[in-house]
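Enquirer: My structure is below; once you've seen it, I'll send some questions.
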Amino acid sequence: MVVVMRFLAQLIDIVLYFVILVASYILLLPIVQRFVPSNTYAPISVFIITLLLYFLLQYPFYKNKQTIGKGFFGLHIKFNRDAHENPFISVFIREVFIKLMSLYMLCLPVFFGKEGLHEKATSTEIICLK
């Protein structure tokens, strides 16, 4: 059951990211192109803005060691290390740098009930609070 909840939570997070990505490019790219004359730098700027928007939307959940999808299903990120100096940074690294920057390709084992690279890299696992 936890595997299904993890899959659905992951799906919510993926859909949320792509909605923000598409909305950013539709709404922000024309505005950014007015200020950034280069056809190369404008899309890169919008991509960076998209990552910041996603981070700001997820920030309250990161503080609780969750994402929006995990919060919806009552899942929680548990740290396996004895002492994490800053769990927020670990959640940020786990969710943004490892998942988003890899476009979820490194997280595919999660869909099959196995530990993903993002969990190995941050010494975390997902537990159900409900």
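Values quoted throughout were computed directly from the atomic coordinates according to the rules given, and no laboratory measurement underlies them. None of these values were measured; they are calculated from a predicted model. FYI the Cβ positions are ideal-geometry reconstructions off the backbone, even for glycines, and counts take in every protein chain you see.
Enquirer: By counting other Cβ atoms within 10 Å of each Cβ, how are THR40, THR67 ranked from fewest to most?
Expert: Details: THR40 8, THR67 23.
In increasing order of surrounding Cβ atoms, one gets THR40, THR67.
Enquirer: Taking only the alpha carbons of region 16-74, what extent do you get along each of the three principal axes, in Å, biggest first?
Expert: Result for region 16-74: principal-axis Cα extents of 45, 17, 14 Å.
Enquirer: Quick one: 3J(HN,Hα) in Hz for region 19-36, Karplus 6.51/-1.76/1.60 with θ = phi - 60°, rounded, Gly and Pro as x.
Expert: After applying 6.51 cos²θ - 1.76 cosθ + 1.60, I find 5, 5, 5, 5, 4, 4, 5, 6, 8, 8, 4, x, 5, 5, 5, 5, 9, 10 Hz.
Enquirer: In addition: Could you give the length gained on full extension between ALA23 and VAL2, defined as 0.36 nm per residue of separation minus the Cα-Cα distance, in nm? The partial results should precede the final answer.
Expert: Values: separation 21, 0.36 × 21 = 7.56 nm, distance 3.12 nm.
Gain in length upon complete extension: 4.4 nm.
Enquirer: OK, next. Exposure proxy check: ILE26, ILE77 ranked by fewest other beta carbons within 10 Å? Intermediate values should be presented prior to the final figure.
Expert: Values: ILE26 10, ILE77 21.
Ranked by crowding around the Cβ, least crowded first: ILE26, ILE77.
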